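Novice: Sharing a structure here in structure tokens format.
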Amino acid sequence: MTKHPKRPRDTNQLAKLMIDILNGEIEDCERTPEERDVDPAASAMGKKGGPARAASMAPKRRKEIAKEATARRTKNIWGEACRRRLAETASEIGTG
């Protein structure tokens with residue numbers, strides 16, 4: 001799945017973008033691997049890597065990796081101080 005540039009919601013900005021695309025000032029399509037100076041074979045293999053890795057792993061190992069990733073995301077979103085404050089608030093509500 002290729003990502004396209006996000007289109008502006010404002011009609012004037014959208015019209016300007018369309019004119020720029022028609023005049024060739026802005027490219028509307030994604031550059032090919034050759035244009036990006038990347039080996040096409042390596043680019044194709046990179047797209048297959050994740051699914052191939054998941055297929056070769058045992059379900060238990062995939063679950064462990066998913067849990068680790070979730071824990072890291074949670075740690076990044078909720079800092080330690082925020083987690084402590086949340087626990088304190090929960091204990092106050094429970095005892096009150």
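The values are calculated or read from the model by the stated rules, or taken from the named source; none is laboratory data. Predicted, not measured: the structure shown is a model, and the values here were computed from it. Here Cβ is always computed from backbone atoms with ideal geometry, including for glycine, and neighbour counts include all displayed protein chains.
Novice: Could you tell me whether Ala15 is under 24 Å from the mean Cα position of the chain (by Cα) and of a type in the set (A, V, I, L, M, F, W, C)?
Specialist: no
Novice: Another question about this same structure. Would you be able to tell me the number of residues in the range 39-56 that are part of a loop (DSSP other than H, G, I, E, B) and under 30 Å from Ala66 (Cβ atoms)? Spell out how you get there, then give the answer.
Specialist: To start, the set of residues in the range 39-56 that are part of a loop (DSSP other than H, G, I, E, B) comprises 39.
After this cut, where a residue has to be under 30 Å from Ala66 (Cβ atoms) as well, the list is none.
So the answer is 0.
Novice: I'm told Leu14 meets every condition in (1) part of a loop (DSSP other than H, G, I, E, B); (2) at pLDDT 75 or above except one. Can you identify the failing condition by its number?
Specialist: Among (1) part of a loop (DSSP other than H, G, I, E, B); (2) at pLDDT 75 or above, Leu14 violates only (1).
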